[in-house]
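Take a look at the structure below.
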Amino acid sequence: MNETIKSLLERRSIRSYKTQQIPDDALNAILEAGIYAATSRGREAWYLTAVQNADLLEKIREAARAELRKAGDEKSLAKANDPNFCPFYKAPTLIIVSGNDTPNTRIDCANVCQNICVAAHSLGLGSCYLAGYTQAFQDPDTAKKLKAELQIPEGFHPVFGVCIGYTDEKPAKPERDRSKVKIIK
Ligand SMILES: Cc1cc2nc3c(=O)[nH]c(=O)nc-3n(C[C@H](O)[C@H](O)[C@H](O)COP(=O)(O)O)c2cc1C
């Protein structure tokens, strides 16, 4: 089978990672693949921040935990109190994909994430497409501080992201519903 299609079919969301950091050349190749995604009107309405700094990753994790505590429902509190809680599964690299206020920015950002996930897989790395971690940026004061530390430009806000690392699990290939696919000749 063609290698590109093989990567598309074999990529899975990975939720358990080894602690070892990914190589710089892999990160660079993955980011380059990300910014070559299709982009509405060629606007490139995204900003990518690859975070490998352990202190910053911990701050994002703690901010997400604080939001869960604020939510206050039983499920959120159980998550917040779980010492292993991490919205990016303790992966050593988190790529924050921020969007701005232009039309289709979320779609642009989504395309970047999908490219990143497939590129990571093609390099033998695990990844998980993420939206949930953005709760870390929900509180305006916390968001301001975090965005400053992360050097996210004015006007941009995290919308999706991808965590990347060496995979520590091998999820089975899930079924997909082919009744939702029709060919008309
Ligand atoms: C927009 C979007 C947001 C997602 N957010 C999360 C997330 O926050 N946490 C997570 O574990 N998975 C997240 N996922 C991954 C999906 O759960 C996953 O793609 C789906 O279950 C199918 O599994 P697969 O990726 O292994 O094919 C997200 C996927 C998409 C497209």
Failed condition for Ser7, given (1) within 22 Å of Gln151 (Cβ to Cβ); (2) in contact with a His (Cβ under 9 Å, 6 or more places away or on another chain); (3) of a type in the set (Gly, Ala, Ser): (1)
Filter result (in contact with a Pro (Cβ under 9 Å, 6 or more places away or on another chain) and among the aromatic types (Phe, Trp, Tyr)) within the range 20-68: Tyr47
Any chance Thr105 is more than 23 Å from Glu44 (Cβ to Cβ), surrounded by 11 or more Cβ atoms within 10 Å (Cβ to Cβ) and within 16 Å of the ligand (Cβ to nearest atom): no
Test for Ala148: is it surrounded by fewer than 15 Cβ atoms within 10 Å (Cβ to Cβ) and away from the ligand (no atom under 12 Å from the Cβ): yes
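Each value in this text was obtained by applying a stated rule to the coordinates, not by laboratory testing. Just so it is clear, the structure is predicted and the values come from calculations on it, not from any experiment. Note that we place each Cβ from the backbone using ideal geometry, even for glycine, and neighbour counts take in every protein chain shown.
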